[in-house]
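No value in this document is a laboratory result; all are computed from the given coordinates. Keep in mind the model is a prediction, meaning the values are calculated, not measured. Glycine gets a Cβ as well: all are built from the backbone with ideal geometry, and neighbour counts include every protein chain shown.
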Amino acid sequence: MGLCIEGGCLCGAVRYRATAPPVSRSICHCRTCRRASGAPSVAWSTFHMDAFAFIAGTPLWYQSSPEVVRSFCGNCGTPLTYRHADDVDTLDITTASLDSPEQFPPTKETWIEHKLPWERLDEATRHYQRSSTNNG
């Protein structure tokens, strides 16, 4: 078997696997990610859909805005994925739910205009006032 990146929820009911490296790694400071995670920001690793699969259990899905669907474990509540309607070829995975999150450090921070004032930016990453996909 080739590259195998795995992760899952806190209770182990939902597991997933990626068979290719992430195409991007980021930290999002937007209000919606904060609310969905209960954390001041969320680290995401983005994978191509054709290299990703749930391998155990089935997450629950929640449409958090007209364009965004998120998944989480229905048993323990762990936030797992984010998918935007404008990019159906990729899926964002919460980096902290990976088995080895330390292998996937963020390279950029997005939505810093929403950043909580007491949270520090990592000066080693690129910063975007809003999304990095629209150069904002």
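For the chain, the C-alpha radius of gyration divided by 2.2 N^0.38 Å, with N the number of residues, is 1.00. Among Lys108, Lys115, the order by Cβ neighbours within 10 angstrom, fewest to most, reads Lys108, Lys115.
Note on the chain: helix-only mean residue ellipticity at 222 nm, from DSSP H runs of 4+ residues weighted -39500 (n - 2.57) and normalised by residue number, equals -1500 deg cm²/dmol.
Listed peptides 23-36, 46-59 appear in the order 23-36, 46-59 once ranked by packing, highest mean of other Cβ atoms within 10 Å at the front.
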